Amino acid sequence: MLDTTAAVVESAAELELIDGLPAEFRWGVATSAYQIEGAHDEDGRGPSIWDTYCRTPGMVEGGENGDVACDHYHRMPADVSLIASLGVDVYRFSVAWPRVQPGGRGPANARGLAFYDRLVDELLESGVDPWVTLYHWDLPQELEDAGGWPARDTAYRFADYAMIVFEALQDRVRTWTTLNEPWCSAMLGYCEGRQAPGRQSFDDAMDAVHHLLLGHGLAAQRMRAAARKPIELGITLNMGTSMPATRSLADQEAARRADGLGARIYLDPLLRGQYPGDILDDLSARGVKLPVVDGDLAIISEPIDVLGVNYYSSHLVSGVDSAGRTEDADGNPVSSTVPMGRPVTAMDWEIVPEGFTDLLVRLSRDYPGVPMVITENGAAFDDVADESGYVADADRTGYLSSHIAAVAAARQRGADVRGYFAWSLLDNFEWSYGYAKRFGLVHVDYETQVRTPKQSALWYRDTIRRVRGG
Ligand code: IFM
């Protein structure tokens, strides 16, 4: 690899913070199955809600899909070598439920499971620890047809699936994440329709919230009981800091609601064994009741060993929308986000590293005793590759530097953060944006599938090496 360290200048303050991270801090890169694997109909894989969604006209930019994606399914050994060349300790990947149980229930599809068996072996042989995420949004389509996450049965099906994977890999995998970003599954998938399965029902989304959490708890309890050696078990939530746009009561209330439905509706049941009272009141004011059955909260609050935090941006929230209304046509209070005037990424997400520090400090204050790992952080930019495929992505490198420094600053303020994963290893299928948005540390030429580490990958590698004192 080229050595471009000298070409990148972090601010002195960032450098000092990053270099203060301890040698045992864990460094990784992350991906998810549907975004990179391809091989959508090989070795017995069944269709997922994303296969269906992508084939629904108008849902994904350019009508693109994950049929081939980064072809990782066929290029896995070379991709593992690439991961190892970055000097990371750990690789976070997700298992595709429809490869393991094509219809979402019943016996394991041995050929699908074998892929992850080989991946884990390959990682371990390369000196990289595997970190498994069991669910990163690719619900088997048959389960959606039976009701999807709004149906209680899906939680039980998820726990059965989790146990198949756990039994197959627990001898070699120590760290397990049940769900990635349940907010996206529930709100984008069932309320806003911006992700699979594309439903638009607030009530369905709230049912999905509870059943996702129940699925997490059922799986966590069973995995814990079946563990033959110590495991590290957790869930990953995507969160930001929601700040009121002004000191007006309407804006403060909007920020409270945004934080409540974005973060506390997951954090409180998981870590305190109860849903937040103010959010239950808000829901009941709109005639919505979470489908909680006696005993569910004890299951959901099964203790976890690590809270995964995915951070991309923070928001100023207003209780007034662009039309000047405080209530929508149904009489529900509105919330809107107000630009802070910060530079944005290619996703139009404002770059707010201090919101990251604030989030981590607040989490450690409000939910003490749970170690955190940053399971995703990164940025899409409009990369320009030269003829060799190399991208001099100073913008992404700057984003990573400022955000890793923000994590280090949070640690100095007492937040128990033990590791950081850059999102993502590769440019990949960015859901409803198709392949238009590139988050990778490594450039992928989708015509040839050639991978070329970007400047940010080399900076990341050199930073890890330096922090470790190597
Ligand atoms: O690509 C996604 C990932 O699948 C989940 N977290 C956010 C990333 C960027 O949008």
Please report the relative contact order for the range 26-169, taking Cα pairs under 8 Å with a sequence separation of at least 6, and give it as a percent rounded to a whole number.
30 percent
Net charge dipole size for the chain [Lys, Arg +1 and Asp, Glu -1 on Cβ; Debye, nearest 20]:
1180 debye
Residue by residue, what Karplus-based ³J(HN,Hα) values in Hz, rounded to whole numbers, does the range 392-409 have, using 6.51, -1.76 and 1.60 with θ = phi - 60° and x for Gly and Pro?
8, 8, 4, 5, 5, 4, x, 4, 4, 4, 5, 7, 5, 4, 5, 5, 4, 5
Please give me the summed charge of the neighbours of residue 317: other residues whose Cβ is under 12 Å from its Cβ, Lys and Arg +1, Asp and Glu -1.
-2
If you plug each phi of the range 237-248 into the Karplus form 6.51 cos²θ - 1.76 cosθ + 1.60 with θ = phi - 60°, what whole-Hz ³J(HN,Hα) values come out, in order, with x for Gly and Pro?
10, 9, 8, x, 9, 9, 10, x, 5, 9, 8, 5
Would you mind ranking 134, 124, 426 so that the residue whose beta carbon has the fewest other beta carbons within 10 Å leads the list?
124, 426, 134
Spelling out what I want: for every residue of the range 87-103, take phi, set θ = phi - 60°, compute 6.51 cos²θ - 1.76 cosθ + 1.60 (Karplus), and round to whole Hz; glycine and proline get x.
x, 6, 7, 8, 10, 9, 9, 10, 9, 7, 3, x, 7, 7, 9, x, x
Find the Cα radius of gyration of the range 333-469, compare it with 2.2 N^0.38 Å by division, and give the number to two decimals.
1.15
Suppose the chain between residue 160 and residue 194 were pulled fully straight at 0.36 nm per residue; how much longer would it get relative to their current alpha carbon spacing?
9.4 nm
Using Cα-Cα distances under 8 Å and only pairs 6 or more residues apart, what relative contact order does the chain have, in percent?
18 percent
Whole-number percent relative contact order across the range 285-422, with pairs defined as alpha carbons under 8 Å at least 6 apart
26 percent
List the extent of the Cα atoms of the chain along each of their three principal axes, largest first, rounded to whole Å.
59, 53, 45
Translational diffusion of the range 139-265, µm² s⁻¹ [Kirkwood Rh, Cα pairs; Stokes-Einstein; 37 °C; 0.692 mPa s]
206 µm²/s
Scan around residue 238 for amide H atoms under 5 Å from its own, H built in the peptide plane at 1.01 Å from N, and keep only partners 5 or more places away or cross-chain.
181, 183, 310
Please report, in debye to the nearest 20, how large the charge dipole of the range 310-356 is about its Cα centre when each Lys and Arg carries +1 at its beta carbon and each Asp and Glu carries -1 there.
160 debye
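Read the figures in this text as sums done on the coordinates, not as results from a lab. In this text the structure is predicted, and so the values were computed from the model without any measurement. A quick note on method: Cβ atoms are made from the backbone with ideal geometry, for glycine too, and the neighbour counts reach across all protein chains shown.
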